[in-house]
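Working notes, beginning with the structure itself.
The values are calculated or read from the model by the stated rules, or taken from the named source; none is laboratory data. Remember, predicted model here, so these are calculated numbers, not experimental data. A quick note on method: Cβ atoms are made from the backbone with ideal geometry, for glycine too, and the neighbour counts reach across all protein chains shown.
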Amino acid sequence: MSDAPSPSNDAYRPEDAPAWALRLGSADVAKAAARISGRVIATPTLRVPRLEALASPTGGDLELFLKAENMQRIGAFKARGAMHAVGRLEPDVRARGVITFSSGNHAQAVALAARDFGVPAWIAMPVDAPKVKLAVVRELGAEVVLAGTTSDDRRAAAEEIQARTGGAMIQPFDHPDIVCGQGTATAELLVAAREAGVSLDAIIVPVGGG
C-alpha cells in the first residue's frame, strides 16, 4: 500500500517534474549525507550470486549488487529521508512536534526521527495498517491516529492534527528534504562501486512513496 499518486500510463517526461526537483543535484545529496551522518546506518552493498544466476540463466557475466537497506534503522531506507527532514527543521519549529501520514515505513521513520530529536510525533495511519507497523510506531513514542483506508483520509487527518497542534508536517514524498535524504542510499552505492573498481551499467530503483 502506497501514499504515492498512481502513475499514469504515459512515459515519464522531465518537464512533468516539479521545478524544485530539477534543481536538486549531487551536492544537495552530499549535504544531506553530512546532516544525517551518525543518525542512520551506512548499509553494506552486497553481491548476490544466487540472484545473478536467476537473472542470467544462460551463464553470462552479470554482476548484481544490492544496497541492503533492510539493514537500515526501522528496516527501510525511509529512515534517511525522515531523519533529514526532521533535522532540517528550525529548533523552535521542531519543538512543537512533527506530523505525517503513512501506511507504514515512513510512519516508523518519522516516529524514529522524532524520538531521536526528543520531540512529539503524531502519525495518521490507515485502519488496516499492519499491526506490527502500528506497534513499532507506538513503541517509538508517536501517537497514532487511525484514519480510513485511503491516502486522502490520512492526509486529511494529518492536516487536522497540524491545525490543532501547530506541529510541522513531514511529507512522505515529493519534498526536497525527503528526496535528498533518500538519495543518500544511492550516493553510498556509487562510493562502494567506485571503491570496488566496479563500473555500473544500470541502477534499478523501485518507485513508490509513503
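Give the residues of the range 83-108 that are more than 25 Å from GLY208 (Cβ to Cβ) and surrounded by 19 or more Cβ atoms within 10 Å (Cβ to Cβ), sorted by residue number.
Quick first cut of the range 83-108, residues more than 25 Å from GLY208 (Cβ to Cβ) only: 90-97.
Listed by number, the residues that qualify are ARG94, GLY97.
Quick check on the range 157-177: of everything there that is part of a helix (DSSP H, G or I) and among the polar types (S, T, N, Q), which residue is farthest from ARG80 (Cα to Cα)? Break it down into steps so the answer makes sense when it comes.
So in the range 157-177, the residues part of a helix (DSSP H, G or I) come out as 157-165, 176-177.
Filter again for among the polar types (S, T, N, Q), leaving 162, 165.
Numbers: GLN162: 23, THR165: 25 Å.
Filtering the range 157-177 for residues that are part of a helix (DSSP H, G or I) and among the polar types (S, T, N, Q), the one farthest from ARG80 (Cα to Cα) comes out as THR165.
Being out of contact with any strand residue (DSSP E or B) (no Cβ under 6 Å at 6 or more places or on another chain), surrounded by fewer than 24 Cβ atoms within 10 Å (Cβ to Cβ) and in contact (Cβ under 8 Å) with a residue 24 or more places away in the chain is the requirement here; does LEU140 meet it? Explain how you work it out, then say what you get.
Values: out of contact with any strand residue (DSSP E or B) (no Cβ under 6 Å at 6 or more places or on another chain): yes; surrounded by fewer than 24 Cβ atoms within 10 Å (Cβ to Cβ): yes; in contact (Cβ under 8 Å) with a residue 24 or more places away in the chain: yes.
For LEU140, the condition - out of contact with any strand residue (DSSP E or B) (no Cβ under 6 Å at 6 or more places or on another chain), surrounded by fewer than 24 Cβ atoms within 10 Å (Cβ to Cβ) and in contact (Cβ under 8 Å) with a residue 24 or more places away in the chain - is met.
Taking the range 179-207 on its own, how many of its residues are closer than 30 Å to ARG154 by Cβ and loosely packed, with under 13 Cβ neighbours inside 10 Å?
The total comes to 4.
Scan the range 17-25 and tell me whether some residue there is exposed (fewer than 11 other Cβ atoms within 10 Å of the Cβ), within 28 Å of GLY75 (Cα to Cα) and modelled with pLDDT of 90 or more. I'd like the intermediate steps shown before the answer.
First pass over the range 17-25, keeping only residues exposed (fewer than 11 other Cβ atoms within 10 Å of the Cβ): 19, 22-23, 25.
Among the residues that remain, those that are also within 28 Å of GLY75 (Cα to Cα) are: 25.
Then keep just the ones that are modelled with pLDDT of 90 or more; that gives 25.
So far as the range 17-25 goes, yes, one or more of its residues are exposed (fewer than 11 other Cβ atoms within 10 Å of the Cβ), within 28 Å of GLY75 (Cα to Cα) and modelled with pLDDT of 90 or more.
Quick check on this structure: which one of ALA30, ALA111, ALA76, ALA42 is buried (at least 19 other Cβ atoms within 10 Å of the Cβ) and within 18 Å of the chain's Cα centre (by Cα)?
Numbers: ALA30 fails: buried (at least 19 other Cβ atoms within 10 Å of the Cβ); ALA76 fails: buried (at least 19 other Cβ atoms within 10 Å of the Cβ); ALA42 fails: buried (at least 19 other Cβ atoms within 10 Å of the Cβ).
The unique qualifying residue is ALA111.
Residues that are closer than 20 Å to PRO176 by Cβ: find the helices (runs of 4 or more DSSP H) completely inside the range 63-156 holding 1 or more of those. Please lay out each step first, then the result.
Working: elements: 78-88, 91-94, 105-117, 131-139.
Answer list for the range 63-156: 78-88, 91-94, 105-117.
One residue is enough: does the range 161-178 have a residue meeting the conditions more than 12 Å from the chain's Cα centre (by Cα), loosely packed, with under 13 Cβ neighbours inside 10 Å and modelled with pLDDT under 95? Talk me through it step by step, then tell me what you get.
Initially, the range 161-178 is screened for residues more than 12 Å from the chain's Cα centre (by Cα), giving 161-169.
If we keep only those that are loosely packed, with under 13 Cβ neighbours inside 10 Å as well, we get 163-164, 166.
This time we only want the ones that are modelled with pLDDT under 95, so: none.
No, the conditions are met nowhere in the range 161-178.
Among the residues of the range 18-41, which ones are touching a residue at least 40 places away in the same chain (Cβ under 8 Å) and charged (D, E, K, R)?
Of everything in the range 18-41, those that are touching a residue at least 40 places away in the same chain (Cβ under 8 Å) and charged (D, E, K, R) turn out to be ASP28, LYS31, ARG35, ARG39.
So which residues in the range 44-62 are in a loop (DSSP other than H, G, I, E, B) and in contact (Cβ under 8 Å) with a residue 24 or more places away in the chain, if there are any at all?
Here is the first cut: in the range 44-62, the residues in a loop (DSSP other than H, G, I, E, B) are 44, 48, 56-62.
Of everything in the range 44-62, just one residue is in a loop (DSSP other than H, G, I, E, B) and in contact (Cβ under 8 Å) with a residue 24 or more places away in the chain, namely PRO44.
So that you can scan it fast, the table gives a plain yes or no per residue for (1) more than 23 Å from GLY148 (Cα to Cα); (2) modelled with pLDDT of 95 or more; (3) among the hydrophobic types (A, V, I, L, M, F, W, C):
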| position | (1), (2), (3) |
| --- | --- |
| PRO57 | yes, no, no |
| GLU63 | yes, no, no |
| ARG73 | yes, yes, no |
| GLY81 | yes, yes, no |
| HIS84 | yes, yes, no |
| ARG94 | yes, yes, no |
| SER103 | no, no, no |
| ALA107 | no, yes, yes |
| LEU112 | yes, yes, yes |
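Quick one: how many residues across the range 186-210 are at positive phi and either free of Cβ contacts under 8 Å to residues at least 24 places away in the same chain or in a helix (DSSP H, G or I) (or both)?
Final tally of qualifying residues: 1.
Specify which of the listed residues (ALA156, ALA95, ALA109, ALA147) is in contact with a strand residue (DSSP E or B) (Cβ under 6 Å, 6 or more places away or on another chain) and either on the phi > 0 side of the Ramachandran plot or small (Gly, Ala, Ser) (or both).
Values: ALA156 fails: in contact with a strand residue (DSSP E or B) (Cβ under 6 Å, 6 or more places away or on another chain); ALA95 fails: in contact with a strand residue (DSSP E or B) (Cβ under 6 Å, 6 or more places away or on another chain); ALA109 fails: in contact with a strand residue (DSSP E or B) (Cβ under 6 Å, 6 or more places away or on another chain).
Testing whether each residue is in contact with a strand residue (DSSP E or B) (Cβ under 6 Å, 6 or more places away or on another chain) and either on the phi > 0 side of the Ramachandran plot or small (Gly, Ala, Ser) (or both) leaves just ALA147.
State all residues of the range 45-54 that are surrounded by 12 or more Cβ atoms within 10 Å (Cβ to Cβ) and farther than 30 Å from ARG88 by Cα; if no residue qualifies, say none. Break it down stepwise before answering.
First, pick out the residues of the range 45-54 that are surrounded by 12 or more Cβ atoms within 10 Å (Cβ to Cβ): 45-48, 51-53.
Correct list: LEU46, ARG47, VAL48, LEU51, GLU52, ALA53.
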